[in-house]
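First, the structure itself, so that you have it in front of you.
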Ligand code: BGC
């Protein structure tokens, strides 16, 4: 294993779907699944476009996959040579995560001799619309070859088809597919130009949704025949007045630059990315690769090019989870970007500022004031989550779930993220240009959501779902109430800050939002908000009212009650609903986020209590258990959870299908969690204004941990060994 390469050296068609995730490439504008050139929609090929959604009929809205400009297959002496038809004698698929290059190398032994295909591709980090492929063929006996290559517009969709009005073009060596989305009629254009290292006859074949070149030639033994494909992708969502023209011009520009130069420009951008974000672990090769791989996954989905986009829960690996943005981004991915790519962090929070009106509409819809952010947010902040988000495996009927209407902690996550970004960057513009407004509107929402209990003279947050989705509509979920408290706290801090430093802007904001009455409400609400605390004797914080009374049985016992492995564990009659088994970190997440406010004894007692009761049924869970273990100073507890988090997309050991629906994809929250566990956990990095501290507790096998962080424009190098530690300002 090399520290920058992930590879498989055997072909196994059972891995096709999983490898699509594992060997992903991308650049934040688009993600390309790690499928091979001859694959089609049956193998889940996808060129997933960030931020462009479509709805077909009554099914849910999802992001679109653009036509596949890389499609290439081979015919030798009249027979199709493809992994889907013929077992290879040798096969290797790899991803070089240092340079963002996908490679495959396949050898077939056929009656016409040995056939070798080598391919290399990248999604350019220099030109966000560009995909390049170099595809070579070598045979050992003279033969008649047809390379079929072009644009396959018959794309894979979960709830499609999303594209219509296909126009197929072929002019002066450039082929093109123009289409529009069904719902909003947004143009999607893919253009391709193919250059060859050899002379050949070329005919264009047009299908219903494809334009394919048939490159015909006689291949001589042991000569390498190479084609270079330059594929350009544009949509009407881009900053362009003419997507079609720009798309064509971009393909032509790429040809002019040439493969080698485009390749070099791309890898230089990767070098810049790694210069700030690389994490070096010495002493354990597996962990080294896993942390770099997690960082790679975050880099390929980072919206560097746009401050209008955020990152979907499954990255750009396809249409699962509706391509929607969840709290995953704010709570699990943002810290990586804050510390290594501040502009991306700003882009991410800007997405929430931009979609504030969507959150206002949602609050109003449910009869509340302020901003209630979408549980599953798409381009304008509307909620893509359906009221019946789960299907009953036995009856096939949709089951009412309350994720959308009761996971109110999403608004607190948004406020939390904006405040963290402000604290980290010191950038007051963030607050002045919408950040403060979002926080104030979230605080207002919580005030209108809360209940005042006269008998107890306190406010309570009732009828919610905390991070543990298996227990729906609970009262006084400790995590949610604590996060609400935090929202109120930062709303008041933001008001104070503006009042003192920016009185004009303060007055404008307070008057525009009609907030003066609200300020008094929020002060009172904060004073009297009930946040469940540790039990005096046991130190356990009850996850929600009545949790203590639920059946206390083991995870194994709950699993054994499943009648079908695909059954949903939560909701009305789920196997976990009436037990203490929880889906993911809940109280533990709260203890981690507010670690300075709880004693080590409380943290330890709760970790020991909740961990055996946690299914870790969400990939968001293990990293939090790892982080809190580090906080307690117990690296032994932390390490296995780090390993689980950091390997999630390498092993692919997660659910891929629910019934017939593909729910797999990559796990960016876990990727961000792996970075947090390493840097904020094992290194114990803590950045405060004017002060950077570390408090390391390295896993036993790590002889060295080394990484960079950027704080307010200054770069620092941190070197930690088992004996020594240094923070060096660069
Ligand atoms: C988790 C949520 C998460 C979502 C998207 C669910 O399984 O319970 O917390 O936001 O997946 O990753």
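Every number here is computed from the coordinates shown, using simple stated rules; none is lab data. For clarity, every value in this text was computed on a predicted model and none was experimentally measured. Cβ sites come from the backbone with ideal geometry, for glycine too, and all protein chains shown count toward neighbours.
Quick check on region 117-204: take the gyration tensor over C-alpha atoms, sort the square-rooted eigenvalues as a ≥ b ≥ c, and tell me if it's rounded (a/c under 1.5), prolate or oblate.
Verdict is prolate for region 117-204.
With just the Cα atoms of region 308-427, tell me how far they stretch along each of the three principal axes, in Å, largest first.
52, 35, 19
Now a separate question. Going 7 Å from the Cα of residue 170 along its beta-carbon direction, which residues of region 108-147 have the amide nitrogen within less than 16 Å of the resulting point?
146-147
Also, I was wondering about something else. For q = 0.09, 0.21 Å⁻¹, what log10 I(q)/I(0) does region 234-370 give under the Debye formula with an equal point scatterer on each alpha carbon and no solvent?
-0.40, -1.35
Here is a follow-up. Relative to the longest principal Cα axis of the chain, at what angle does helix 243-257 sit, 0 to 90 degrees, rounded to 10?
Result, in degrees: 60.
Here's another thing I want to ask about it. Strictly greater than 21 Å: what percent of every Cα pair in region 63-135 meets that?
Above the 21 Å cut-off, region 63-135 has 38 percent of its Cα pairs.
Sticking with this structure for a sec: Considering Cα pairs under 8 angstrom that are at least six residues apart, work out the relative contact order of the chain and quote it in whole percent.
Taking the mean separation of contacting Cα pairs over the length of the chain, I get 11 percent.
Let me ask something else about it. How compact and how long is region 487-643, expressed as Rg and Dmax of its alpha-carbon atoms in Å?
20.6, 63
On a 0 to 90° scale, report how tilted helix 503-512 is relative to the longest principal axis of the chain, with both axes built from alpha carbons and the result rounded to the nearest 10.
In the chain, helix 503-512 runs at an angle near 90 degrees to the longest axis.
Taking only the Cα atoms of region 572-730, how large is their convex hull per residue, in Å³?
Dividing the Cα hull volume of region 572-730 by its residues yields 148 Å³.
Enter the Cα centre distance for the pair region 380-442 and region 519-598, rounded to the nearest angstrom.
20
With 10 angstrom as the radius, rank 282, 635 by how many other C-beta atoms surround their C-beta, starting from the fewest. Before the final figure, lay out the partial values.
On the way: 282 14, 635 19.
Going from least to most buried by this count: 282, 635.
Helix-only mean residue ellipticity at 222 nm, the chain, DSSP H runs n ≥ 4 weighted -39,500 (n - 2.57), per residue, nearest 500. What is it?
Calculated from helices alone, the mean residue ellipticity at 222 nm is -9500 deg cm²/dmol.
Cα centroid distance between region 331-369 and region 181-232, in Å?
Cα centroid of region 331-369 versus Cα centroid of region 181-232: 41 Å apart.
If the viscosity is 0.692 mPa s and the temperature 37 °C, what Stokes-Einstein diffusion coefficient in µm²/s follows for region 306-359 when Rh is the Kirkwood radius over Cα pairs? Walk me through the numbers before you get to the answer.
Working: Rh = 11.4 Å.
The calculation lands on 287 µm²/s.
How large are Rg and Dmax for region 47-179 when only the alpha carbon atoms are used, in Å?
17.7, 54
What is the angle, in °, between the Cα long axis of helix 356-365 and the longest principal axis of the Cα atoms in the chain? Nearest 10 is fine, range 0 to 90.
60
On to the next question. Once Rh for the chain is found with the Kirkwood sum over Cα pairs, what is the Stokes-Einstein diffusion coefficient at 10 °C and 1.306 mPa s, in µm²/s?
Estimated via Stokes-Einstein, D reaches 59 µm²/s.
Here is a follow-up. Got the relative contact order for region 165-205 handy, in percent, Cα pairs under 8 Å and 6 or more residues apart?
The normalised contact order for region 165-205 reaches 30 percent.
What distance in nm lies between label points placed 7 Å from Cα along the C-beta direction at residue 308 and residue 343?
Result: 1.8 nm between the two label points.
So what's the gap between the Cα centers of region 78-131 and region 621-694, to the nearest angstrom?
32
A further question follows. Can you give me the Rg/Rh ratio for region 204-300, using Cα atoms for both radii and the Kirkwood formula for Rh?
Rg/Rh: 1.11.
Now, a different point. More than 22 angstrom separation, counting every C-alpha pair in region 371-514; what % is that?
It works out to 47 percent of all Cα pairs.
Quick check on region 2-277: what are the equivalent-ellipsoid semi-axes from the Cα gyration tensor, as sqrt(5λ), descending, whole Å?
In descending order the semi-axes read 28, 22, 19 Å.
Could you work out the Kirkwood radius for region 359-398, taking every pair of different alpha carbons, averaging 1/r and inverting it, reported in Å?
Evaluated on region 359-398, it is 11.4 Å.
What list do you get for 425, 136 if you sort them by fewest beta carbons within 10 Å?
136, 425
Please rank 310, 706, 411, fewest neighbouring Cβ atoms within 10 Å first, as an exposure proxy.
So the residues, fewest neighbours to most, are 706, 310, 411.
Here's something else I'd like to know. Over all Cα pairs of region 14-114, how is the pair count split among 5 Å bins, expressed in % and running from 0 up to the last occupied bin?
Calculated P(r), rounded to whole percents: 2, 11, 19, 21, 17, 13, 8, 5, 3, 1, 0.
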